[in-house]
Amino acid sequence: MIEIIGLEKTFVQPGGERVIALRGVDLLIKSGEFVTVIGMNGSGKSTLLNAVAGTFLPDAGTIRIGNIDVTRQPEFQRAALIGRVFQDPFKGTCPSMSVAENLRMAELRGVRRGLRVGLSHSSLERYHALLSGLKMRLEGRLQASMGTLSGGQRQAVTLLMATLRRPQLLLLDEHTAALDPRAADQIINITNQVVREHALTTLMVTHSMEQALEQGDRTIMMHRGEVLADLSGTEREGLNAGDLLQRFTELRYTIEFAVAKPPGG
Amino acid sequence: MRRLRQAVRFVPLALIAACGTKKDSARSIIGYAQVSSVAALDEARDGFFKALADSGYVRDSSITVLERNAQGDIPTLSLIMSDFIQQGVTQVATVSSVATQAALKAITDRPIIFGAVANPYIIGAGTSPTNHRPNVTGAEIPLPVDSAVMLAHEAFPEVKEWGTLFDPADPFAEFYLEKAKAGAAAAGVRFVTVACTGPGDIASGIQALKAQGANGVVQIPSVMIGGAFSAVVKSTRQADMPLVATSTSFGGAPIALGLSFYANGYSMGLLMIRVLRGENPATIPFQAERRRRLVIDLNAAREYGVTIPATIVSRADSVIGGTGASVTSTVGARITNQQPVRRGNNPFGFWLVAVTQGLAYAALAWGVYLASRTLHFADITPDGSFTLGAAVAASLIVGGTDPLLATFVAVLAGMVAGYVTGVLHTRLGIKDLLAGILVMTALYSVNLHVMGKSNVSLLDVGTLVRDVHRIIPASVTWSDDLSLGVLFFAITIVLGLILAWYLRTDFGMAMRAVGDNPAMITAQGVDRRRMIELGLALANGLVAFSGALIAQQQGFADVGMGVGTLVAGMAAVIMGETLLFKRRGLGMTITMVAAGAILFRGMVSLALRLGLNPIDLKLITAVFVLAALALPKLRYSRASGSASR
Ligand SMILES: Nc1ncnc2c1ncn2[C@@H]1O[C@H](COP(=O)(O)OP(=O)(O)OP(=O)(O)O)[C@@H](O)[C@H]1O
Ligand SMILES: [Mg+2]
């Protein structure tokens, strides 16, 4: 169970301009639920995920993961509960270190790291098996440095790393956006496979309406730092991308009209 | 400002009051300034205060003395002078030339009495003993360098070429070099010179003298070189070059011909008394110390493996050591419990020293590697933590602590320094460079406090070498240099293995990731800030370790030895990376960085050996590092530039 209540965040741009990125977001996610997030550029999707991950502290609101209130916890501390994959394939791994070392570091997410050489034979075998499961022929490249892998291969490994130690919440922020369509498909398939296999609670941001509807059990639509629509169950079942767009335009009009109205009107 | 003006107005009154010999009500306030705590200057100081006391001027009862020591920091001297003015001192006493120079510049309205000045005319105190600035008088001490060269020739006629190191920044260097050359000409021997810009270059400088053909050293006076005289002794001993000192306050040379700084200080004290009693400094001529002192150190002669002709020993004012019931000075008492130095007549001696130093620098290179490459932190703390390691180890060893334990404490001190830099950066948000500069600057004071003076000699105390000789069987007769080389080699191997292991542990792996990808390692639940703090502690612990080893290798710790440490470390790292070519792997990288340190030291030694002017050495190093840093950037911008076209 993930509880996000009244989350607010305002950024002050270097010029002094204030940007309200989140204006009171409420979101309850059941355990094992796979939620997709859509919205226009700058609607606050990444800000929402970053706030949950703890990249910055929110101005107001509460974030609870499981039964733990993580609102004031530093990022590294709540990392024990959260697995992440970023849009940028360079962001999730250490390029100068080997694939095996990257996996080992991820395996210890949120665990005390000791003065022990952790990359044992048995762990290498385990990683070998996991990489084989990706079917990207990465299993032979355990000792290769991460920087030599392609973007798609890196995202696949990052996804594996995010779930190697089972997280309470998996955050995926447009993690296929930087990839070519074939690699993007492959990563989406792996995502599905991993999420279903472990029944992971997941929040996935995407730019593709089709993907948002095809994947997961629930879709939320964000606009100007607010949740505009929250679709699930039968209401979501019958929708296609066109319907979604239609719906979005209508809601947006309502909202903008409401905002444009003078106070008290 | 108002206080200053008041003080200035008060001065003439005080002067008049001081002239009235009977009245004690307006007590004289003497401002006493000394540049550093070099032995010779301390002797002059003791003579000065003894003269005052002998005439009934008791400190704190019949006169007030504001005693200040700039601890080697020359700009501090002018601060001291303005402080004297502000405090309304009535007379200024200066010991050493630089202190006198500072006084000449700042003080014109009250008497200055100087001592321990080699040549007051060079610094502008006057043009002759009687024609000088009206408010200045003092006791000069023109050391008999020419006579010392002639005496050296008399004592060691088989030496056909003598030499000396000189400090190009010393205002008297030229004056004394002229004297030395005159003496050499009179004796009919050749005389060569090598410039030396810092205490750390003394060992290589002696080697360079040897390479130029000198087989004996008559060391001219110099504040910087005198402060690290133990390094001159150590290096000449090991290079088998007899040493003649031109000041008797420097211990460890078989022969020292100089003037008594104590007597010079005493004369200065007598001049001060005349002024206190109302005489005008303008009418008091400068007094030159003439009484020569010849000190023969038979213990030192034994260490050098030389015999001093009986005719010379019989002329000595003081003979240290020997079997006869001859005079034994206080210096001799210290020397009796020294550890025997084992010299080796190794034709590769020069390179042995270079490699040994290189091995000691390996730890420095690893420290710099850890900070700059692993943590991606531009850490400048090493310029201070290197000296800190040397200072802590040297002070503890001199105080009787076991060298091994002392070295260990030095590492801990370095770790604390690095940790502080880390905290400044992570908790207070200070930029990495600035945080390092702050700590480095603060460490200068800390290092002075640790040592209590600007230079601590390790010449005659047991260092890690003693421990080696204790371990190895008696049948193995390694020279000190060789033992140290072997020890440093072993240490470097062990340390390298530990480092390679550490960086592979789960913890070490996380530390490596901090520099590589901070966002990723935070997402893996690692506190990046804590890692930076611990990483910098580790890096500077290594740097301090290197400093502690170097101090024991060169025989002293000096407050100025850290200058350029970071650049040297960077140079070693860059060389190591060049040696790597396309090879990868942690073990290989660690090995090559150490190799880079040895190579870098080797290049510095080679440059000295080839007679390259050591003044340019730091410049060349800086240009080299700059080139190595800029080259990839230039190549990159050219590539991207053509790609965009
Ligand atoms: N660190 C920051 N500093 C200042 N402004 C920020 C910061 N992060 C986000 N913003 C602003 O907050 C708003 C929301 O940004 P956010 O990145 O959450 O949008 P998004 O929905 O992820 O958009 P996209 O689809 O383009 O990724 C934008 O106006 C953005 O400029
Ligand atoms: Mg985004």
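The values are calculated or read from the model by the stated rules, or taken from the named source; none is laboratory data. Quick caveat: nothing in here was measured; it's all calculated off a predicted structure. Virtual Cβ from ideal backbone geometry, glycine too; neighbours counted across all protein chains shown.
Among the residues that make up region A:71-82, is at least one of them over 29 Å from B:H376 (Cα atoms), touching a residue at least 40 places away in the same chain (Cβ under 8 Å) and polar (S, T, N, Q)? Checked against the condition, which is being over 29 Å from B:H376 (Cα atoms), touching a residue at least 40 places away in the same chain (Cβ under 8 Å) and polar (S, T, N, Q), region A:71-82 yields no hits at all. Just one residue in the set B:V623, B:V573 is closer than 22 Å to B:L375 by Cβ, aliphatic (A, V, I, L, M) and assigned to a helix (DSSP H, G or I); that residue is B:V573. Count of region A:66-82 residues, restricted to those that are within 8 Å of chain B (Cβ to nearest Cβ) and either crowded, with 18+ Cβ neighbours inside 10 Å or aliphatic (A, V, I, L, M) (or both), is 5. Output the number of residues of region A:167-199 satisfying the condition of being within 14 Å of chain B (Cβ to nearest Cβ), within 16 Å of ligand 1 (Cβ to nearest atom) and either aliphatic (A, V, I, L, M) or part of a loop (DSSP other than H, G, I, E, B) (or both). The number of residues fulfilling the criteria is 3. In region A:1-46, of all residues being touching a strand residue (DSSP E or B) at 6+ places or on another chain (Cβ under 9 Å), part of a loop (DSSP other than H, G, I, E, B) and within 13 Å of ligand 2 (Cβ to nearest atom), the one that is nearest to A:R224 (Cα to Cα) corresponds to A:S43. For A:Q215, are the conditions met, namely being away from ligand 2 (no atom under 16 Å from the Cβ) and more than 15 Å from the chain's Cα centre (by Cα)? Against the criterion (away from ligand 2 (no atom under 16 Å from the Cβ) and more than 15 Å from the chain's Cα centre (by Cα)), A:Q215 does not qualify. Only residues that are in contact with a Lys or Arg (Cβ under 6 Å, 6 or more places away or on another chain) and away from ligand 1 (no atom under 16 Å from the Cβ) were counted across region A:34-77, and they come to 1. Among all positions in region A:54-65, there is at least one residue which is touching a Ser or Thr at 6+ places or on another chain (Cβ under 9 Å) and within 16 Å of ligand 2 (Cβ to nearest atom). Total residues in region A:206-222 satisfying the condition of being farther than 18 Å from A:L170 by Cβ and either away from ligand 1 (no atom under 15 Å from the Cβ) or surrounded by 19 or more Cβ atoms within 10 Å (Cβ to Cβ) (or both): the figure is 5.
Against the conditions (1) in the same structural domain as B:F507 (by TED's automatic domain parsing); (2) closer than 17 Å to B:T421 by Cβ; (3) not basic (K, R), B:Q554 satisfies every one except (2). For the criterion of being within 16 Å of ligand 1 (Cβ to nearest atom), buried (at least 22 other Cβ atoms within 10 Å of the Cβ) and in a strand (DSSP E or B), A:L203 passes. Here is the figure for region B:367-382: residues that are crowded, with 24+ Cβ neighbours inside 10 Å and not hydrophobic (A, V, I, L, M, F, W, C) total 5. Cβ separations smaller than 7 Å between residues 6+ apart or across chains give the following pairs from region A:92-111 residues that are surrounded by fewer than 23 Cβ atoms within 10 Å (Cβ to Cβ) to residues that are basic (K, R) and not in a loop (DSSP other than H, G, I, E, B): A:M97/B:R512. Taking the conditions (1) touching a strand residue (DSSP E or B) at 6+ places or on another chain (Cβ under 6 Å); (2) modelled with pLDDT of 90 or more in turn, B:R59 satisfies each one other than (2).
Considering B:T64, B:T100, B:T94, the condition of being in a helix (DSSP H, G or I) and at pLDDT 90 or above is satisfied by B:T100 alone. When region A:66-88 is limited to residues that are within 16 Å of ligand 2 (Cβ to nearest atom) and not hydrophobic (A, V, I, L, M, F, W, C), the one that is farthest from A:V195 (Cα to Cα) turns out to be A:D88.
Taking the numbered list (1) part of a helix (DSSP H, G or I); (2) more than 10 Å from chain A (Cβ to nearest Cβ) in turn, B:T522 passes all entries but (2). For the condition over 23 Å from B:R315 (Cα atoms), charged (D, E, K, R) and touching a strand residue (DSSP E or B) at 6+ places or on another chain (Cβ under 6 Å), what is the one hit in B:K181, B:K234? Being over 23 Å from B:R315 (Cα atoms), charged (D, E, K, R) and touching a strand residue (DSSP E or B) at 6+ places or on another chain (Cβ under 6 Å) holds for just one of B:K181, B:K234, which is B:K181.
When the test is whether a residue is within 15 Å of the chain's Cα centre (by Cα), closer than 30 Å to A:L213 by Cβ and among the charged types (D, E, K, R), A:E33 passes it. Within region A:226-260, the set of residues being of a type in the set (V, I, T), modelled with pLDDT of 80 or more and under 24 Å from A:L28 (Cα atoms) comprises A:V227, A:T234. Residue check: A:G110 meets all listed conditions (1) within 21 Å of B:R530 (Cα to Cα); (2) away from chain B (no Cβ under 11 Å) but one, namely (2).
If you go through region A:7-21 and keep only what is in contact (Cβ under 8 Å) with a residue 40 or more places away in the chain and either within 8 Å of ligand 1 (Cβ to nearest atom) or touching a Phe, Trp or Tyr at 6+ places or on another chain (Cβ under 9 Å) (or both), you end up with A:K9, A:I20, A:A21. Please indicate, with yes or no, whether at least one residue in region B:373-392 is more than 20 Å from B:G569 (Cβ to Cβ) and more than 22 Å from the chain's Cα centre (by Cα). No: zero hits. Does A:P95 qualify as being more than 9 Å from chain B (Cβ to nearest Cβ) and at pLDDT below 95? When the stated conditions are applied, A:P95 does not pass them. If we scan region B:484-500, do we find a residue that is surrounded by 15 or more Cβ atoms within 10 Å (Cβ to Cβ) and over 30 Å from B:S235 (Cβ atoms)? Yes, region B:484-500 contains at least one residue that is surrounded by 15 or more Cβ atoms within 10 Å (Cβ to Cβ) and over 30 Å from B:S235 (Cβ atoms).
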